[in-house]
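Here's the structure we're looking at; comments come further down.
The values are calculated or read from the model by the stated rules, or taken from the named source; none is laboratory data. Note that the structure is a prediction, hence the values are computed from the model and not measured. Here the Cβ positions follow ideal geometry from the backbone for every residue, glycine too, while neighbour counts run over all protein chains shown.
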Amino acid sequence: MRTSTLICSLLLGGSTLPIVTFGEDLEVTEGEPESAPEHEIEVEEEEVAAVEIPVLTAPSTDSFLFAETFEGADPFGSGAWKKSSNSKYTGQPVSVTVENDAPYAGDHAVLLSAANQHYGFGSKFSAPLDTTDKPFVVQYEVKLLDGMKCGGAYLKLLRDEPELDVATMDNESPYVIMFGPDSCGDTNKVHFILQHQNPVSLEWEEKHATTPPSPKKDKHSHVYTLAINTDNSFEIFVDLESKSKGSLLEDMKPAVNPPAEIDDPTDSKPSDWVDTKKIKDPEASKPDDWDEDAPKKIPDASAEKPKDWLDSEPDFVPDPDAAVPDDWDEEEDGEWEAPMVSNPKCASVSGCGEWKRPEIENPEYKGKWSAPMIDNPEYKGPWKAKQIPNPNFFEDKAPHNMAKIGAVAVEIWTTSGDIRMDNFIIGDSLSDAQAFAKATWKVKADLEAASEKNKMKDDNKSKRSEMRAEGGLQNKECPE
């Protein structure tokens, strides 16, 4: 334990509070301590314990369909991960880096270091992932060392196709799921987008979750989890907390299943169709006593001029203290006139100048007359095109059976640099994914919080030391 003397006005904001001594036992003493100097209090501060820097080791990933912790051999060097050669991503600075400083040591992650850059890289699976009749979970970590200004930090799970090659992928590469944080302008969400194929038209369409949660945009580590279940329910977790849930059949836009009937594209509204619901009453006429010219406001006839009103005094007069500037040239600048100021004689009376009666609402005012509205006898209601069977109608009762997934990829644009991404996992057990996050992300998050707390305490100590050196915590009187 270490004792520092603090001026009470700094700590207590001018209030008289009990003296609190923090030690093995908490003691609260009313009034001034006998041993303390006048106007000072004794506060014992607990020494900040140094943050131990553990070497983090990822737990087993055997239960997952795919896992990448970036520990071990460089996956870009081995070819397990590849950068797209598309010109859009030219010069993208993507590399696996290790953090050895507090709050953790020996933790590898992929770093997207440059700002204002398109990124495109990924890893193709040795065999496509089939989600048929199985739960599905995707999870990964993001740490925005530069915050999130404008851009994304999401994943794309690319659709398995014969031509799939992450080395040539771009933003048009077909995907099954897009998931993760994105923030720019009006967009501020954790995306969950499902690409679903219409089995009749064979067209692929994006289906967006209708209530996506907001992303974390600070500079700490965060973990994002998406779980899709065999009952078509889905749930989005941020830092292991459920933030959004819904149904693939009810909470995606546009809906997974199209309507059975659609508007007939050949139908059009008849030229004599009346869709005006109300009309002016043709039988109505303006009353004889309706005066459209009556003003809305009139002078108040009951008002009287105050007795102290000065009719002959103007509201403003030339400033008597003003003088012609030394550099004023009447030939160049014209005749000089003193600036106008408020008439001092008007300050202590009701007013000056011409008195006018105040205006009040005119009780006879009616405004411009118009005929009242009545129901239109010709009204037929809003026109709607006739319905025909939807030629592309289908009903998929199990959209959780998604297309096969061939690769995981990061394909983003960002104005922020230094984005760390880590611990990509895909599996079929939410509990396994959450247990993995607790053993990896949670450890880092707790250490980051402890490290930040200690840094704040160190900063406060430094500020107090500076103030002591300058006499800022001494020689000041407390309020009575």
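For GLU331, indicate whether it is part of a loop (DSSP other than H, G, I, E, B) and out of contact with any Pro (no Cβ under 7 Å at 6 or more places or on another chain). Spell out how you get there, then give the answer.
Working: part of a loop (DSSP other than H, G, I, E, B): no; out of contact with any Pro (no Cβ under 7 Å at 6 or more places or on another chain): yes.
No: the conditions fail for GLU331.
Among the candidates GLY106, GLY151, single out the residue that is modelled with pLDDT under 95, buried (at least 20 other Cβ atoms within 10 Å of the Cβ) and either farther than 16 Å from ILE412 by Cα or touching a strand residue (DSSP E or B) at 6+ places or on another chain (Cβ under 7 Å) (or both).
Details: GLY106 fails: buried (at least 20 other Cβ atoms within 10 Å of the Cβ).
The unique qualifying residue is GLY151.
When you scan region 115-141, how many residues do you find that are within 18 Å of GLN92 (Cα to Cα) and out of contact with any Asp or Glu (no Cβ under 6 Å at 6 or more places or on another chain)? It would help to see each step written out before you state the result.
To start, the set of residues in region 115-141 that are within 18 Å of GLN92 (Cα to Cα) comprises 115-123.
Then keep just the ones that are out of contact with any Asp or Glu (no Cβ under 6 Å at 6 or more places or on another chain); that gives 115-119, 121-123.
Adding up the residues that qualify gives 8.
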Practice problem: Quickly run through region 332-366 and pick out the residues that are in contact (Cβ under 8 Å) with a residue 40 or more places away in the chain, loosely packed, with under 13 Cβ neighbours inside 10 Å and either β-branched (Val, Ile, Thr) or touching a Phe, Trp or Tyr at 6+ places or on another chain (Cβ under 9 Å) (or both). | Solution: SER350
Quiz item: Which of the residues that make up region 294-323 are over 22 Å from ARG357 (Cβ atoms), among the aliphatic types (A, V, I, L, M) and surrounded by 11 or more Cβ atoms within 10 Å (Cβ to Cβ)?
Solution: VAL317, ALA322
Quiz item: Mind checking which pairs have a first residue in region 449-461 that is farther than 19 Å from HIS220 by Cα and a second that is of a type in the set (Ser, Thr, Tyr), Cβ under 9 Å, 6 or more apart or different chains?
Solution: LYS461/SER4
Quiz item: What about ALA114, is it surrounded by 15 or more Cβ atoms within 10 Å (Cβ to Cβ), farther than 27 Å from PRO258 by Cβ and of a type in the set (A, V, I, L, M)?
Solution: yes
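Name the residues in region 426-480 that are of a type in the set (S, T, N, Q) and at pLDDT below 90, would you? Steps first, answer last, please.
First, pick out the residues of region 426-480 that are of a type in the set (S, T, N, Q): 429, 431, 434, 440, 451, 454, 460, 462, 465, 474-475.
Hits for region 426-480 are SER451, ASN454, ASN460, SER462, SER465, GLN474, ASN475.
From VAL274, VAL256, VAL238, grab the single residue that is in contact with a His (Cβ under 7 Å, 6 or more places away or on another chain) and farther than 30 Å from HIS220 by Cβ. Can you show your working first?
Numbers: VAL274 fails: in contact with a His (Cβ under 7 Å, 6 or more places away or on another chain); VAL238 fails: farther than 30 Å from HIS220 by Cβ.
Testing whether each residue is in contact with a His (Cβ under 7 Å, 6 or more places away or on another chain) and farther than 30 Å from HIS220 by Cβ leaves just VAL256.
Just checking, which of ALA398, ALA437, ALA409, ALA433 is in a loop (DSSP other than H, G, I, E, B) and either surrounded by fewer than 23 Cβ atoms within 10 Å (Cβ to Cβ) or among the hydrophobic types (A, V, I, L, M, F, W, C) (or both)? Explain how you work it out, then say what you get.
On the way: ALA437 fails: in a loop (DSSP other than H, G, I, E, B); ALA409 fails: in a loop (DSSP other than H, G, I, E, B); ALA433 fails: in a loop (DSSP other than H, G, I, E, B).
Criteria check complete, one pass: ALA398.
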Quiz item: Any chance region 239-251 includes a residue that's surrounded by 12 or more Cβ atoms within 10 Å (Cβ to Cβ), farther than 18 Å from MET402 by Cα and touching a residue at least 60 places away in the same chain (Cβ under 8 Å)?
Solution: yes
Practice problem: Spot the failing condition for HIS196; the list is (1) free of Cβ contacts under 8 Å to residues at least 40 places away in the same chain; (2) surrounded by 13 or more Cβ atoms within 10 Å (Cβ to Cβ); (3) out of contact with any Phe, Trp or Tyr (no Cβ under 6 Å at 6 or more places or on another chain), and only one is missed. | Solution: (1)
